[in-house]
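Taking it in order: structure first as structure tokens, then the write-up.
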Amino acid sequence: MTKELVRQYYSDSVRKEWRRLVADPYHRLEFDTTLRFLEKYLPDQGHILDAGGGPGRYTIELAGRGYQLTLLDFTPANLEFARRRVKRAGVKKKVQQVVEGSIVDLSQFDDNSFDAVLCTGGPLSHVVDAHERDKAISELIRVAKPGAPIFVSVMSRLSMIIVELILFQYEIELPHFKQIRDTGDYPGGYGFTPCHFFLPEELRSDFESKPVEILDLAGLEGISSNHRKELNQLHKNEIRWKIWMETHYMTCTHPAVVATSEHILIVCRKKD
Ligand SMILES: C[S@@+](CC[C@H](N)C(=O)[O-])C[C@H]1O[C@@H](n2cnc3c(N)ncnc32)[C@H](O)[C@@H]1O
């Protein structure tokens, strides 16, 4: 049931998802900060799995940089859209497969197959069942080659609570507010699809129990989180913007910033 709700939500928002990461300077923070960590840890070449890759923004970007890509997602409408975009971007030769599947079961791929694995923008947050989420983490690691970097970004619990204060105060008295606050689980039904919102220590410990070394935890929107209007305004001033972005990159791994960022990225490396 939860899976159907998630699939339906993303089937209805393919174009919105495609535009999301480049919609404005605020949304670009998530994309550009993720790319910065990809640049830091990706090998110079190789085959990357973009798991929960949606309409293909990262697949196309990385294929354009010379990597081989496989995109997996469980929403067919996203896959159709991604295939068209891959063709239009002229990177078809670099994209080996655009396939349907769930991150909870990557059995269509052998162990140790990929030089890097991505699962960005919250696919793991949409696996609301804790056992399935643990399985998904194991699967993302299983298909990575020993030594390969794994990049997973999720939605933050503390940021979500702050969003309720800013945008949806009437929800604070509804049962799901305390459910999110106390468990991270959101059942859906109030404008967004079912989701698990993470605390950073929870994300870290979920990966620490696996055969990986944690390399970085970062807040993708960082100190600008939930300040969309102000950030977009700041973008108009070149000098201030440059200093702010320098400050963003200096602070995005600070534990307090990671915890309250809309999206939290964990980067780890599969042990040899
Ligand atoms: C917010 S989008 C992120 C897309 C892309 N990775 C990005 O960073 O922009 C979330 C995507 O996760 C996919 N998704 C959700 N649960 C999934 C699952 N269990 N397995 C595979 N994909 C899933 C959805 O279909 C959707 O395309």
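The values are calculated or read from the model by the stated rules, or taken from the named source; none is laboratory data. Model, not experiment: these values are computed from the prediction. Positions of Cβ are backbone-derived with ideal geometry, glycine not excepted, and every protein chain shown enters the neighbour counts. Areas reflect the complete protein model, heavy atoms only, side chains present, ligands, DNA and RNA absent. Shrake-Rupley method; radii C 1.70, N 1.55, O 1.52, S 1.80 Å.
Miscellaneous remarks
- Counting only residues that are away from the ligand (no atom under 13 Å from the Cβ) and either without any contact (Cβ under 8 Å) to a residue 60 or more places away in the chain or open to solvent by less than 10 Å² (accessible area, probe 1.4 Å) (or both), segment 144-162 holds 9 of them.
- Leading residue by the ranking (least open to solvent (accessible area, probe 1.4 Å)) among those in segment 63-77 that are away from the ligand (no atom under 12 Å from the Cβ) and assigned to a helix (DSSP H, G or I): A63
- A single member of V91, V127, V99 is buried (at least 16 other Cβ atoms within 10 Å of the Cβ) and within 12 Å of the ligand (Cβ to nearest atom), and it is V127.
- Criterion (in a helix (DSSP H, G or I) and of a type in the set (S, T, N, Q)) met by exactly one of Q108, Q179: Q179
- Residue that is least open to solvent (accessible area, probe 1.4 Å), among those in segment 163-193 that are under 20 Å from H126 (Cα atoms) and hydrophobic (A, V, I, L, M, F, W, C): I180
- Filtering segment 37-62 to residues that are assigned to a loop (DSSP other than H, G, I, E, B) and either in contact with a Phe, Trp or Tyr (Cβ under 6 Å, 6 or more places away or on another chain) or within 13 Å of the ligand (Cβ to nearest atom) (or both) leaves G52, G53, G54, P55, G56.
- Residue match in segment 107-114 (condition: over 16 Å from the mean Cα position of the chain (by Cα) and among the charged types (D, E, K, R)): yes
- Taken over segment 15-30, the criterion of being open to solvent by less than 20 Å² (accessible area, probe 1.4 Å) and either within 8 Å of the ligand (Cβ to nearest atom) or more than 14 Å from the chain's Cα centre (by Cα) (or both) is satisfied by L21, Y26, E30.
- With respect to the conditions (1) in contact (Cβ under 8 Å) with a residue 24 or more places away in the chain; (2) in contact with a Phe, Trp or Tyr (Cβ under 9 Å, 6 or more places away or on another chain), Y249 lacks only one, and its number is (2).
- Of all residues in segment 78-102, those being of a type outside the set (A, V, I, L, M, F, W, C) and assigned to a helix (DSSP H, G or I) number 10.
- Applying the criterion of being part of a helix (DSSP H, G or I) and more than 20 Å from E201 (Cβ to Cβ) to the residues of segment 130-143, the residue that is least open to solvent (accessible area, probe 1.4 Å) is E139.
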